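To start, the structure itself, in structure tokens.
The values are calculated or read from the model by the stated rules, or taken from the named source; none is laboratory data. Since the structure is predicted, the reported quantities are computational estimates derived from the model, not experimental observations. Virtual Cβ from ideal backbone geometry, glycine too; neighbours counted across all protein chains shown. Side chains included, ligands, DNA and RNA excluded: accessible areas come from the protein's heavy atoms. Shrake-Rupley method; radii C 1.70, N 1.55, O 1.52, S 1.80 Å.
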Amino acid sequence: MTAVADRITGLVGALRAHGVRIGTGETVDAARAVEALGLADRELLREGLAATLLHGPGQRAVFDPVFDLYFPRGVGGPDGAPADREALRDRLAQALAADDRAAMARLASEAVDALGGYGNSPGSDGFSAYQTLDRLRPQTLLARVRADVRGQEGGGAGFADRLLDDEIRSRIEEFRRLVGAEARRRVAERRGRDEIARRGVRPTADRVDFLFANRDQLTELRRAVQPLARKLATRLAARRRRAARGTVDLRRTLRSSLSTGGVPMRPVLRRRRPVRPELVLLCDVSGSVSGFSDFTMLLVQALHDQFSKVRVFAFVNRLDEVTGLLDHGRADPDGLGARIRAEATLTGWHGSSDYGLALGEFTERYGGAVGPRTTVFVLGDARTNMSDPNLNAVRELARRARRVYWLNPEPSNRWGTGDSAAPAYAELVEMHECRTARQLSALIARLLPV
């Protein structure tokens, strides 16, 4: 039982390391679930632990591969000599046609053993899911599996064939997941589960660096904008209520204390009537920074009702207002970036970012958008391509605005390297490292004015 307890605590620790909030009570519930469900039915155990430890379906992407490490399907490699590649493809086609998940799991183990190993030493811990799938190429079996299924079921082509193709693709994707889990398990047996759970499991989209997020992760982040905005709006409303309380009104407090013998039992506060602030965003939409800017623009637009006015400007080396495009973007967040690049004037005679030119253009053309009630957020990596950073424009922006914050998606240890003018800008305005959606939401909750 001690070994099972160690696996549960290891599983919980790995999930916590990936940002899943799990308390002591939930850990105890997980142990009780294992005791009640037993270890015989692995998929039943998976669902039981997921039900006790997770708070939403979005956390399954982390939970499932971590569970596979701490409660693996088996140990070691398959018995017998490694299978031949063509024999594996033949058996895989049969398993996919029959939708035999048990056979697919066995084939995943054999494929990793036969095709996924690398390294020359006997104790090598090298097993690669990518190498396995590259050599086996399961995606090329689609037509063959379709023919096998059609031969079993009969019937014609057309719409039904398209549905069948989608089903076969989902089975192939499941096999790819099984190969990934098997490769991680084999490596974990040699290098330790805890290390592989920490380094070998893809983090949730909100913990991925904006600069390295792929298209699927950025799409997932865009879907998370509205729920995140609701949470942030609640926090902002609470901050606004606290800010409205004001300081103690000594005169009215003393007058009120007469009813309690001169003891000020109930302090009277001066009621403030704060005016909702204005917000301006200046967003670099060039290169890898664009995903960060797009997500932040969508998030701020979703919080639009918290401010009296929101204006958004995008730039590469020319600057243009895109507030109207962002309003339209509510219906199609995935198309926002492409629409901005197509309809706004963002570049001049070259396509590289030029912060000095863009910031100077903002102060000249749109300086009236910034006043004493305005908070400005600049989004970008501050890499000027060796052009003039135009610090005077930033000084003028800081002079006019209530506050200016710069959110930089690059790690702070890279500021000032190469063509980065981040240290120079950071001397004039408050600059924050903002690499992930989790960091961004914390900064937005703390920095947005009330």
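Packing around the peptides 36-43, 389-396, taken as the average count of other Cβ atoms within 10 Å per residue, puts them in this order, highest first: 389-396, 36-43. Surface analysis of the chain yields an accessible area of 50 Å² per residue, using protein heavy atoms and a 1.4 Å probe.
Peptides 213-223, 63-73, ordered by how many other C-beta atoms sit within 10 Å of their residues on average, highest first, read 63-73, 213-223. Here segment 309-397 is treated as a Stokes sphere of Kirkwood radius computed over C-alpha pairs; at 10 °C and 1.306 mPa s its diffusion coefficient rounds to 114 µm²/s. Overall, the accessible surface of segment 181-322 at a probe of 1.4 angstrom is composed of carbon and sulfur to the extent of 48 percent. Overall shape: prolate for segment 85-193, with the ratio a/c of the largest to smallest alpha carbon gyration tensor axis at 1.5 or above and a/b above b/c.
Carbon-plus-sulfur accessible fraction, segment 34-99 (probe radius 1.4 Å, protein heavy atoms only): 55%. Only helices enter the 222 nm calculation for the chain: every DSSP H run of n ≥ 4 contributes -39,500 (n - 2.57), and dividing by all residues gives -17000 deg cm²/dmol, rounded to 500. Electrostatic tally near Ala50: other residues with Cβ closer than 13 Å to its Cβ, Lys and Arg +1, Asp and Glu -1, net -3. Before anything else, pin down the relative contact order of segment 85-193: Cα pairs under 8 Å, at least 6 apart, normalised by residue count, whole percent. This gives 36 percent for segment 85-193. The slack in the chain from Tyr366 to Ala103, taken as 0.36 nm per residue of separation less the alpha-carbon distance, amounts to 88.2 nm.
Applying the Karplus relation 6.51 cos²θ - 1.76 cosθ + 1.60 with θ = phi - 60° to segment 178-186 yields 3J(HN,Hα) values of 5, 5, x, 5, 5, 4, 4, 4, 5 Hz, where x marks Gly and Pro.
Under the shape rule built on the C-alpha gyration tensor, where the axes satisfy a ≥ b ≥ c, segment 357-450 is oblate, since a/c reaches at least 1.5 while a/b does not exceed b/c.
Across segment 27-32, computed HN-Hα scalar couplings (Karplus, 6.51 cos²θ - 1.76 cosθ + 1.60, θ = phi - 60°) run 5, 5, 4, 5, 5, 5 Hz from first to last residue, x flagging Gly and Pro.
Here the relative contact order of the chain, from alpha carbon pairs under 8 Å that lie six or more residues apart, stands at 11 percent. Suppose the Debye formula is applied to equal point scatterers at every Cα of the chain; what is log10 I(q)/I(0) at q = 0.11 Å⁻¹? Results for the chain at q = 0.11 Å⁻¹ read -1.03.
Exposure check, 1.4 Å probe, all protein chains in place: Cys283 carries approximately 0 Å² of accessible surface. When you count the other C-beta atoms within 10 angstrom of each residue and take the mean per peptide, 187-196, 50-59 line up highest first as 187-196, 50-59.
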